[in-house]
Every structure is written in structure tokens, then in C-alpha cells.
Amino acid sequence: MDTTGTFWMPPGNSTIAGDVDSLFYFILYASIIIFVLVVGLSAYFSMKYRRRDGEVGKTDGLDHNVKLEIIWTIIPTILVMIVFVWGFKTYMYMNVVPKDAYEIKVNGQKWFWSFDYPEGGNSVNELIVPVDRPVKLLMASKDVIHSFFVPNFRIKMDVLPNRYSITWFEAHTIGEYNLFCTEFCGKGHSEMIGKVKVVSQEEFEQYAEDLAFSGEGMTLEEFGAKLYIQKACVTCHKIDGSNSTGPPWDNLYGKEEHLADGSSVKVDENYIRESILNPMAKITQGYQPVMPTYQGILKDKQIDALIAYIKSLQEDESLINE
Ligand SMILES: [Cu+2]
């Protein structure tokens, strides 16, 4: 069922969204009605039966009223039972993964997401899924607790270190949806945002193939240029000399880089490789230590390709070969 966005909820774009929303509105409106009734009547009666000047001992001591007590027990019990049965059914639906679901491995780490597809490829900060097909997410964290939240799909699940958690959804509208981390996981938490891209089945097959592509028929440099965008380096590193979250890559290779601890290092293949796999080892002066490790995400050939690409961005030939 599709729902459009309201003041309370963003548009619902998964099969579970309609049910979650109806239950939410049922609880919300029942609460509002009961609140208005209780508070309104309390206010009204305390005005109506307030003690006026000179009045003493006017009301008898009332003890109880069986009829009233039965009513105010039965009505809330029915409401709670409705919420329980409805909520339990929805909860079961959310927790039992359909057998034919397509399985994607989700990795949370400070401070980004990566996704491994059965076809062998992976993507960073962008989860690509086919429309109208159940998708199972097998999730784990490489460091602290994160939480996987896609408001449009109404799914939210903690992502823990040393343990898998599972959730699933079936998106029914093609489009791009926000993905947030909703567990405070350190100072880069607010930047731990990604996208879920829902595409047609044919388009999805193309993506999966493209993500698993290992550069056949391309030069290393061309492959590196592709990975620069595909693996999200582009979100933090510019190639036009301008600063971003990370240092620019043009004219980087071969130069003397200043480090935060006051020392300096020559940018060569080994330094670049170390920066990719163990970014905390040497922090570049003037930058925050927020580069995520690509350990386990990039294969050796992909690292070679990125090095070749960074090399190709050095205009000063004399710094490339020596
Ligand atoms: Cu996080």
C-alpha cells in the first residue's frame, strides 16, 4: 500500500509502510481523543463543581460507580487488544524474511556504509535494490553500534559489532531515498548518511554487474577514475586543487606531504596504499581524521587502479618517474 507524506510521516515507499502508518495513526488519534476527553472533562468538572464562597460540605462522599468502572475498563482493554494484535501481526510480517528475498550484506563503520552484493561487487554509501522484490539485509558493524534507518521504508535496525542483525523490505516505488545512521556513533555520526536507490530489475542487473566489474579491457588509470566515483572517494577528495573534507588528489603524487604530527612524508605508492587501508596511521596536516578505512572493501587491483589514477593527476612529469 502506498501512502503519501503527511505532517507526521514521510511518504511510504515499501510494502510495510501502509500498515505501520495506519497503526501509528490509530494510536495517535485514540490518544488524542482520550487525552481531550480526560483533560477536558477534568477541567469542566472542576470548574462546575468548584467550592463557592460560603459553601461547606455540600457533596456526599462518593465511593464508586460499578457501571462507570466497567465502561472505563472495557473500552481501554479493547483498544489495547486491537493495538496488540495489529502490532504483533505487523511485527511478525517485518521479522519473517520471505524465502525468495535477495540478500545483501550491509557493513556499518565509522562513518559510512558499504554493501556487498551476491554478484561480487560492492558499493559505498549507496544501496542499490530492485523494485518490487523482497530484499534481505544481513548487517554487521566493523567498530561501534550503528543503526540502519530508511524513513521512507519504515525500517530501522541496530547494526552491531561481532553479531549479525537482519531486516528486510520490499520497495514498491522507483526512486532515491535517504539512509541514516540513528545510533550516535562518534563525531562523524551526522555525516553517516547514504542513499537507497530503487531501480527496475533490468537496471539493477546492470548495476550489479558494473559493481562487480574488475576492470577488464580498461587501463588501470581508467579503472581508477571509475572507482574514484563508484567508491565515494569523490565525496571527500576533489581533483581541481580545491579542499574538501580530504586533500585534493591533483598534483598529490610525488609531493612532500606535511603530517599533523609535524613530520612529513613523500607521497608514493606505499603512502597512498596505507592511506586507503589504514587512514589513521598518518594524518595529513590541516585535516580531520575522518577518512574511513577501505580494508575489506577494495581489492588489491582496485587499490592499484586508484594509485594509477592519482598518479595520472600529477602534471609535473618529473615527480612521477624517478
Ligand atoms: Cu553510525
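The values are calculated or read from the model by the stated rules, or taken from the named source; none is laboratory data. Keep in mind the model is a prediction, meaning the values are calculated, not measured. Because the Cβ atoms are built from the backbone with ideal geometry, glycine has one as well, and the counts that use them run over all protein chains shown.
Going by the structure shown, is Arg163 of a type outside the set (A, V, I, L, M), more than 10 Å from the chain's Cα centre (by Cα) and closer than 18 Å to Asp21 by Cβ?
Working: of a type outside the set (A, V, I, L, M): yes; more than 10 Å from the chain's Cα centre (by Cα): yes; closer than 18 Å to Asp21 by Cβ: no.
No; evaluated as a whole, the condition is false for this residue.
Go through Val144, Val106, Val97 for me and flag whichever is among the hydrophobic types (A, V, I, L, M, F, W, C) and either surrounded by fewer than 16 Cβ atoms within 10 Å (Cβ to Cβ) or in a strand (DSSP E or B) (or both).
Working: Val144 fails: either surrounded by fewer than 16 Cβ atoms within 10 Å (Cβ to Cβ) or in a strand (DSSP E or B) (or both); Val97 fails: either surrounded by fewer than 16 Cβ atoms within 10 Å (Cβ to Cβ) or in a strand (DSSP E or B) (or both).
None of the others qualify; the one that does is Val106.
Might you let me know whether segment 303-320 holds any residue that is under 27 Å from the mean Cα position of the chain (by Cα), buried (at least 16 other Cβ atoms within 10 Å of the Cβ) and of a type outside the set (A, V, I, L, M)? No, that holds for no residue.
Report yes if some residue within segment 8-18 is surrounded by fewer than 14 Cβ atoms within 10 Å (Cβ to Cβ) and free of Cβ contacts under 8 Å to residues at least 24 places away in the same chain; otherwise report no. Yes; the residues of segment 8-18 include at least one that is surrounded by fewer than 14 Cβ atoms within 10 Å (Cβ to Cβ) and free of Cβ contacts under 8 Å to residues at least 24 places away in the same chain. Counting just the residues of segment 182-220 that are among the hydroxyl-bearing types (Ser, Thr, Tyr) and over 22 Å from Asp304 (Cα atoms), which one comes out nearest to the chain's Cα centre (by Cα)? Applying the filter and picking the extreme gives Thr182. Mind listing whichever residues of segment 132-154 are more than 16 Å from the ligand (Cβ to nearest atom) and touching a Ser or Thr at 6+ places or on another chain (Cβ under 6 Å)? Phe153 - this is the single residue of segment 132-154 that is more than 16 Å from the ligand (Cβ to nearest atom) and touching a Ser or Thr at 6+ places or on another chain (Cβ under 6 Å).
Restricting the search to segment 23-50, which residues are surrounded by 10 or more Cβ atoms within 10 Å (Cβ to Cβ) and more than 30 Å from Tyr91 (Cβ to Cβ)?
Restricting attention to segment 23-50, the residues satisfying the condition of being surrounded by 10 or more Cβ atoms within 10 Å (Cβ to Cβ) are 23-45, 49.
Answer for segment 23-50, where residues must be surrounded by 10 or more Cβ atoms within 10 Å (Cβ to Cβ) and more than 30 Å from Tyr91 (Cβ to Cβ): Val39, Gly40, Leu41, Ser42, Ala43, Tyr44, Phe45, Tyr49.
Scanning segment 165-183 for residues that are closer than 25 Å to Tyr91 by Cα and either without any contact (Cβ under 8 Å) to a residue 40 or more places away in the chain or of a type in the set (Ser, Thr, Tyr) (or both) turns up Ser165, Thr167, Thr173, Tyr177, Asn178, Phe180, Thr182, Glu183. Considering every residue within segment 24-46, establish whether at least one is under 44 Å from the mean Cα position of the chain (by Cα), within 16 Å of Arg154 (Cα to Cα) and not assigned by TED's automatic domain parsing to the domain that holds Pro134. Checked segment 24-46: at least one residue is under 44 Å from the mean Cα position of the chain (by Cα), within 16 Å of Arg154 (Cα to Cα) and not assigned by TED's automatic domain parsing to the domain that holds Pro134.
Does any residue of segment 111-125 turn out to be within 16 Å of the ligand (Cβ to nearest atom), over 17 Å from Gly296 (Cβ atoms) and free of Cβ contacts under 8 Å to residues at least 40 places away in the same chain? Even if it seems obvious, please write down each step before you answer.
Of segment 111-125, the ones within 16 Å of the ligand (Cβ to nearest atom) are 111-115, 124-125.
From what is left, the residues that are over 17 Å from Gly296 (Cβ atoms) are none.
No, because not a single residue in segment 111-125 is within 16 Å of the ligand (Cβ to nearest atom), over 17 Å from Gly296 (Cβ atoms) and free of Cβ contacts under 8 Å to residues at least 40 places away in the same chain.
Could you list, in sequence order, all residues of segment 254-281 that are in contact (Cβ under 8 Å) with a residue 24 or more places away in the chain and among the charged types (D, E, K, R)? Correct list: Lys255, Glu257, Glu269, Arg273.
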